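The values are calculated or read from the model by the stated rules, or taken from the named source; none is laboratory data. The structure presented is a predicted model; accordingly, all values stated were derived computationally and were not measured. Here the Cβ is made from the backbone with ideal geometry for all residues, glycine too, and neighbour counts use every protein chain on show.
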Amino acid sequence: MVKICCIGAGYVGGPTMAVIALKCPAIEVVVVDISEQRIAGWNSERLPIYEPGLDDVVRQCRGRNLFFSTEVHRHVGDADIVFVSVNTPTKTCGLGAGKAADLTYWESAARMIADVSRSDKIVVEKSTVPVKTAEAIEKILVHNSRGVRYQILSNPEFLAEGTAIQDLFAPDRVLIGGRETPEGRAAVKALKDVYAQWVPEERIITTNLWSAELSKLAANAFLAQRISSVNAISALCEATGADVTQVAHSVGKDARIGPRFLSASVGFGGSCFQKDILNLVYICECYGLPEVAGYWREVIRINDYQKSRFVNRVVSSMFNTVAGKKVAVLGFAFKKDTGDTRETPAIDVCKGLLGDKAVVSIYDPQVTGEQVSRDLAMNKFDWDHPRHLQPLSDSDLAKQVGMAADAYEAARDAHAVCILTEWDEFRSLDYKRMFDAMHKPAFIFDGRNVVDVAKLREIGFVVYSIGKPLDDWLKDMPAVA
Ligand code: ADP
């Protein structure tokens, strides 16, 4: 029986290993993590991450050939294939601060593998790490090997949060990078055999190590770039009276462009896009390619611009002040169908509103009040000027931020509603009921284009929807960008 151990029970490691266990009953899969709380969660009825379909997969295999454990050393020592899926945040100090990946977790995982291994191992890089990390890890392992032979593979994960299980069941492609030596090729084949249990052969791509690593960064940079491109056009639409939904639809009909990832919004979020682009920027700078670095940096600049443009629009529409006014925030996760708030645009939008002394009442079907408090109190690292922005103090948090049990409670006595995540339930709310309970004029700022603008205007709302023609009210109060 092949034994797989995955280090890191997070958004990537957990779902990926659960699906491998489900599809390969002959393989024993153990997911290990240093966080006892995370592992306890995975062994409980309430999994530590929300992902549609995940509960079902875990229920079918847990205790059969899928295990979650904090006994990191024992399980890594026993495994034939070790996946490394630990966090790789952006460095906050020292060389490359604000851009380069912090490989502390990766390095300590590699050293630990070297310490506990007594048999040959295939080590698979699953975290998104900057190009050429595999080489560094290989060096650590080889220099500490004591006779154990290692093969390093790069197998970047392309799943999207919110559709992780679907993506893992039917991936567009699986990418495996390895050394172009006989041993390297054998290792690639061993991992390919695992995926081939359920993924059609022609979708499994094999490349050299560096291509695999760079492909992941490039794919995320391209996806984020599409969002920033359409968001840049959304600003022009508002200025000129075009409708970004119509423009995006027409543009996307071109088969060379395609329709997906062309929705204008308040900005992209999630743990990967910004981080991966910053990595790319840093690598380009290190290799003496400032023009290339600048090109990708602009994708993040437009994203920051889109968030501040949204806040400016809210404040300027409401007579240039939101001080003391209640603003309902619907949605805090970085996208629908996930409780993940990492880099969510809601953090910057809320901080902007709170900076103008608004009182915000937040409702999100999957995000807890504790998470929101952590996010708003967190030191936000400014990638452009390596320094920390002021976090919110506990007393400001308590005075200005509240959680609501549903959208109606959030909107009660509010002056405005801001929609920041495209949860399906926000499409079918009883907006008349919300309108009746709000101060007048009642504003809706839709950062995700989920509401029917005409219908809401009929109810009496002043409506702003990203990239849509502005109503007269908003035209009279131009946003200062
Ligand atoms: P991702 O989104 O890439 O899956 P997460 O932050 O959700 O990242 O998960 C990474 C996990 O890796 C965390 O639960 C963390 O506790 C775990 N981790 C980090 N370093 C180690 C280590 N050396 N050994 C075991 N687990 C680790």
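If you filter the range 77-109 down to residues that are β-branched (Val, Ile, Thr) and surrounded by fewer than 16 Cβ atoms within 10 Å (Cβ to Cβ), you find that the one that is modelled with the lowest pLDDT is 92.
Has the range 118-134 got at least one residue that is in a helix (DSSP H, G or I) and at pLDDT below 90? The answer is yes, given that some residue of the range 118-134 is in a helix (DSSP H, G or I) and at pLDDT below 90. Residues in the range 60-111 that are closer than 12 Å to residue 129 by Cα, free of Cβ contacts under 8 Å to residues at least 40 places away in the same chain and among the hydrophobic types (A, V, I, L, M, F, W, C): 103, 106. Return the pairs, sorted by first residue and then second, in which the second residue is surrounded by fewer than 19 Cβ atoms within 10 Å (Cβ to Cβ) and assigned to a loop (DSSP other than H, G, I, E, B), the first residue lies in the range 23-35 and is in contact (Cβ under 8 Å) with a residue 60 or more places away in the chain and basic (Lys, Arg), the beta carbons are less than 7 Å apart, and the residues are 6+ apart or on different chains. What qualifies is 23/197; 23/198.
A search for C-beta distances below 6 Å between a residue of the range 45-59 that is touching a residue at least 40 places away in the same chain (Cβ under 8 Å) and among the hydrophobic types (A, V, I, L, M, F, W, C) and any residue that is within 16 Å of the ligand (Cβ to nearest atom) and not in a loop (DSSP other than H, G, I, E, B), counting only pairs 6+ apart in sequence or on different chains, returns 54/15; 54/165; 57/18; 58/18.
Tell me, which residue of the range 26-38 that is surrounded by 12 or more Cβ atoms within 10 Å (Cβ to Cβ) and more than 9 Å from the ligand (Cβ to nearest atom) is farthest from residue 6 (Cα to Cα)? If we take residues in the range 26-38 being surrounded by 12 or more Cβ atoms within 10 Å (Cβ to Cβ) and more than 9 Å from the ligand (Cβ to nearest atom), then 27 is farthest from residue 6 (Cα to Cα).
Here is a list: 239, 255. Which entry is part of a loop (DSSP other than H, G, I, E, B) and exposed (fewer than 15 other Cβ atoms within 10 Å of the Cβ)? So the residue among 239, 255 that is part of a loop (DSSP other than H, G, I, E, B) and exposed (fewer than 15 other Cβ atoms within 10 Å of the Cβ) is 255. For residue 124, the conditions (1) surrounded by 22 or more Cβ atoms within 10 Å (Cβ to Cβ); (2) among the β-branched types (Val, Ile, Thr); (3) within 13 Å of the ligand (Cβ to nearest atom) are fulfilled apart from (3). Within the range 445-481, being of a type in the set (Val, Ile, Thr) and either outside the structural domain of residue 245 (by TED's automatic domain parsing) or over 26 Å from the mean Cα position of the chain (by Cα) (or both) holds for 453, 459, 462, 463, 480. When the residues of the range 356-379 are filtered to those that are of a type in the set (Gly, Ala, Ser) and assigned to a helix (DSSP H, G or I), the one that is farthest from residue 345 (Cα to Cα) is 369.
Residue by residue, here is whether (1) near the ligand (Cβ under 10 Å from one of its atoms); (2) more than 24 Å from residue 341 (Cα to Cα); (3) among the aliphatic types (A, V, I, L, M) holds:
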| residue | (1), (2), (3) |
| --- | --- |
| 24 | no, yes, no |
| 48 | yes, no, no |
| 53 | no, no, no |
| 59 | no, yes, no |
| 64 | no, yes, no |
| 73 | yes, yes, no |
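Restrict the check to the range 353-366 and report whether at least one residue is within 16 Å of the ligand (Cβ to nearest atom), surrounded by fewer than 24 Cβ atoms within 10 Å (Cβ to Cβ) and farther than 24 Å from residue 98 by Cα. So far as the range 353-366 goes, yes, one or more of its residues are within 16 Å of the ligand (Cβ to nearest atom), surrounded by fewer than 24 Cβ atoms within 10 Å (Cβ to Cβ) and farther than 24 Å from residue 98 by Cα.
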